[in-house]
1. ASP266 label point, 7 Å along Cα→Cβ, cut-off 17 Å on backbone N: hits in the range 283-298?
2. Hey, got the dipole for the range 413-531? About the Cα centre, +1 on K and R Cβ, -1 on D and E Cβ, debye to the nearest 20?
3. From the helices alone, meaning DSSP H stretches of at least four residues, give me the mean residue ellipticity at 222 nm for the chain, per-run term -39500 (n - 2.57), in deg cm²/dmol to the nearest 500.
4. How much accessible area does LYS476 have with a 1.4 Å probe, in Å² rounded to the nearest 10?
5. Rounded to the nearest Å, what's the spacing between the alpha carbon centres of the range 494-531 and the range 462-490? Just the number, please.
6. What is the range 280-338's relative contact order, in percent, from Cα pairs under 8 angstrom and six or more apart in sequence?
7. Can you spot the lysines whose alpha carbon is less than 22 Å from LYS318's alpha carbon? Ignore those fewer than 8 places along the same chain.
8. Of the heavy-atom accessible surface of the range 368-479 (probe 1.4 angstrom), what whole percent is carbon and sulfur?
Amino acid sequence: CNPCRTDRADSDCGGNLHKDPCEADAGITIIRLRDKMEQTLKIYFTSDVHGYFYPTTYGDLKRKDLGLFSFARDFKKDENTLVIDGGDILQGSAFAYYCRQKSGSPQAIADIMNDCGYDYYTLGNHDFNYGMDYQNAYIEAHHGACVCQNVVDEAGRACHPYVIHTLGNGLRVGIVGIVTDYVNVWERKENLAGICITDPFEAAKEALLHLKKEVDITLCIYHGGFECDLKTGERLQKTTENVGYRICKELDFDILLTGHQHMSVDGQYVHGTYVVQPLENAKEYHYLEAERTKDGLVVRSEKRVADGANAVGALCEKYAAEEERVQSWLDQPIGHLSRALLPGEKAEMALHGSPIADFLNRIQLHFSGTQLSAVGLANEIAGFRSEVSVRDIIATYPYPNTLIVCRISGKQLKQVMERSAEYFAVATDGTVQVAESFLVPKVEHYNYDYYMGAAYEIDPAAPVGNRIKNLTYQGKTVTETDSFTLCLNNYRYSGAGGYEVYTECELVREINTEMVELILEYFKENPYVEV
């Protein structure tokens, strides 16, 4: 920007637009430097909403402090403001499940995001769970722009390339989206037809090279989190599922908006990049302001938590009929148990067994006919009341997993059991607790598996890798060369959660029906179940 070059010493331009005398005839307008530096970008950011719009977990009818409608009215839009989402919107809640299984369309979800004013979003790993047709229908109905640089077509072209957005104040913002490439590990191949998920770091790096010379602010929306402690830099994860710390250290984006880990990260600078991450299920959002000053870009933010009492007004009313249909469907009775199966404290369930896990394993054995079964429980589960409804099922098994039958050796069986047994830590007072590695940087109770069909003991005080004792099958000690058929979900069979051993196990067959549907089917076959 050229300074005002008027000949008058007492210039009255006041820092506003001023015609350069030498260029006035050409109609060129010069903006003074200090005006350029005062430009501000405002951002409202959510991630991992998982289809939670109303203030409910759907496990019961109590109002909770979550859901997009609990704070969407706070989004104050103007020409210098962007509303952004970090992905994982299409799967997770009963509302999202209903849209997929009952209406067969994500239209209602897209309409809600439009009404909330979202300008940009990237894709989360769970946004691929229902295949490309469903995802594309959402993108088509969404009025905002999808940015996901590392989703490429068969020719290697980015399906959702970066965008340069010019604010009303003239500030140019380069926006890049990326998603963890562990989608390739977790997702069924048929759900990724026609596309490929490439290395997110390299995709972001290449996009940044193009953007840096063209924009005033570079912003990356990353559906992924941090593999290192943000304060110490200590490596917390061995895999490349999350590379947020590396992005901050090796690239120089101005702002990195993260998600995926369901971990609240307050606004802070990491190697010069400003980062945030909100909790899942719209429990909070982050408000950011990025201002150009004479010293450069200054970013500040505020974390704002959801208040379920605020979920009132036009938005709630507009979709009330859809929500009522979901609630009515959830209340449908589907079967009876001889007693309720309710969750307990996490470490106690894992150490002494869970009747909820037993029941799910029982269903897996029923439909697979295998010798063994393994199942993990979600971080938050409602359990099953004696009068079982659809609500109980959705609130206890929220994943779109299908089942796999594989062949596993005695040696491999002990290895996967030992991985599960890493879940425990013994405190100085002798009490058994959940190991920190299952809590930081991400809460991962779902990565503890319960096994059925074999008898075994766990010694939580023994060294990691040597905690499984007295492993037997039908009363006989399991040897390394023994062979078994095992039923587990497709997510675990991919090796996710530290269970890489499963990738070495022979695939016998796939049961391509979601587990939720199998639970419903089980009750159709067995209206009364003796626990």
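1. Correct set: 284-289.
2. The dipole of the range 413-531 has a size of about 160 debye.
3. Numbers: 15 runs with 123 residues, N = 531.
The helix-only estimate for the chain comes to -6500 deg cm²/dmol at 222 nm.
4. The accessible area comes out at roughly 150 Å².
5. 19 Å
6. The normalised contact order for the range 280-338 reaches 25 percent.
7. Straight-distance partners of LYS318: LYS62, LYS64, LYS76, LYS77, LYS102, LYS283.
8. With neighbouring chains kept in place, the figure for the range 368-479 is 50 percent.
The values are calculated or read from the model by the stated rules, or taken from the named source; none is laboratory data. Bear in mind that the values here come from a model prediction, so they are computed numbers and not experimental data. Cβ sites come from the backbone with ideal geometry, for glycine too, and all protein chains shown count toward neighbours. SASA here: full protein model, heavy atoms, side chains in, ligands and nucleic acids out. Shrake-Rupley method; radii C 1.70, N 1.55, O 1.52, S 1.80 Å.
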